[in-house]
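S.K.: The structure is given below, and queries will be raised subsequently.
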Amino acid sequence: MLKVLRAVLVLALAPAWIYAQTGVHDFFDRANSGNLGPDWSEIDADAQITNNALQANTPFQFGWSAFTAFSAPRASTVVKANWYQNGGGDALSLIVGANTSTWAAIEARLSDNTGGGLANRLFLNASVNAGNWFGGPIFFNLAMPRASGEMTLWFTNGGATAQVLITDIGGGNPENFSAGGIPSTFAFGTSVGAGYFGNGRIDEFRAWVGSPTGPVETINPPRTNQPVSILVTGAAPSAALALGFSLSGGSGPLTGIGPVLLSDPINLFGIFPADANGRFLLPLGNVPPGLTGSTIWQQALDLTTPALSNGLSSVFL
């Protein structure tokens with residue numbers, strides 16, 4: 001597959017418009033380190049990579065980091081991550097629409113509120129590490145306290161309502177929460193990030209522009225001589241997935257299953273099988289040298305449902 005990547009992407013050396021990454025992931029699959037890497041900015045307190053996950057490096061001091069590889073308007077942003085409790089009193093957050101100077105943001109914080117080692121309460125905050133929602137504090141008790149799971153944060157009603165989905169890892173036992181009243185005049189930023197308190201861990205952090213449901217495609221920020229992978233989640237169980245790309249742009253026709261977000265000519269990485277959870281990971285090896293500044297547009301098609309994924313553009317760094 002690396003040969004395919006080389007053959008295809010060398011054509012992208014022509015000048016291209018520079019876009020922020022619009023569908024990205026970080027598996028934290030690198031050596032243990034006190035540095036989160038070039039795609040993260042530690043805004044408050046210290047964090048580290050431990051056993052291929054993000055973890056606080058100052059236990060029981062609140063901290064948060066911005067994922068600098070992604071920037072988009074809050075109302076169209078979705079963030080998702082796996083989380084793991086690692087003792088009593090942990091709290092872990094997803095953050096969207098952050099202004100890294102003022103800390104204005106929407107924060108969904110999952111907390112072990114009793115110290116028993118299970119996440120049991122969800123707080124929604126109107127800024128990072130702030131207790132008040134718009135009009136007053138708001139929290140929800142989980143019907144099913146958990147030691148680990150997935151959390152997704154996104155927005156409806158033109159950005160006026162925050163939606164949070166908590167599930168087991170793999171999507172089982174869903175619990176849905178929402179809170180409205182977000183004013184359109186609030187001074188949000190365009191950053192996303194993760195918050196941490198205690199010894200809990202965050203993994204498979206994902207951010208994209210689009211819908212929280214259906215097939216989603218992300219890529220880790222591609223850097224020369226560094227490994228890159230494509231991840232598709234949310235497809236039908238054991239679906240056949242066509243992974244398409246364009247070197248020309250991200251605009252195509254509207255179809256009966258949604259917009260094609262690739263410009264002609266459209267090419268294929270191939271057709272691949274999703275697993276029983278509708279997930280597929282395609283490792284592509286190291287990015288060839290000489291691609292800095294070039295852009296590739298990508299989209300996945302679930303041939304089984306059928307359904308189109310979000311579209312994404314990736315700039316080689």
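The values are calculated or read from the model by the stated rules, or taken from the named source; none is laboratory data. Small disclaimer: the values here were computed from a predicted structure and weren't measured. When we count neighbours, we look across all protein chains shown, and the Cβ atoms used for this are built from the backbone with ideal geometry, even at glycine.
S.K.: Restricting to the stretch 236-256, name every residue that is aliphatic (A, V, I, L, M) and farther than 21 Å from SER313 by Cβ.
M.R.: Within the stretch 236-256, ALA236, ALA239, ALA240 meet the criteria.
S.K.: Also, I was wondering about something else. Of the residues PHE197, PHE188, only one is within 19 Å of the chain's Cα centre (by Cα), crowded, with 16+ Cβ neighbours inside 10 Å, more than 16 Å from GLY23 (Cα to Cα) and of a type in the set (A, V, I, L, M, F, W, C); which?
M.R.: PHE188
S.K.: Determine whether the stretch 107-122 contains at least one residue that is β-branched (Val, Ile, Thr) and surrounded by fewer than 19 Cβ atoms within 10 Å (Cβ to Cβ).
M.R.: Yes, some residue in the stretch 107-122 is β-branched (Val, Ile, Thr) and surrounded by fewer than 19 Cβ atoms within 10 Å (Cβ to Cβ).
S.K.: Considering only strands (runs of 3 or more DSSP E) fully contained in the stretch 184-248, which possess at least 1 residues that are on the phi < 0 side of the Ramachandran plot, among the charged types (D, E, K, R) and touching a residue at least 24 places away in the same chain (Cβ under 8 Å)?
M.R.: Values: elements: 191-197, 201-209, 216-219, 227-233, 240-246.
The strands (runs of 3 or more DSSP E) meeting that bar are 201-209, 216-219.
S.K.: Looking at the stretch 92-103, which of its residues are among the small types (Gly, Ala, Ser) and at pLDDT 95 or above?
M.R.: Answer for the stretch 92-103, where residues must be among the small types (Gly, Ala, Ser) and at pLDDT 95 or above: SER93, GLY97, ALA98.
S.K.: How many of the residues making up the stretch 148-163 are surrounded by 14 or more Cβ atoms within 10 Å (Cβ to Cβ) and either in contact (Cβ under 8 Å) with a residue 60 or more places away in the chain or small (Gly, Ala, Ser) (or both)?
M.R.: 11
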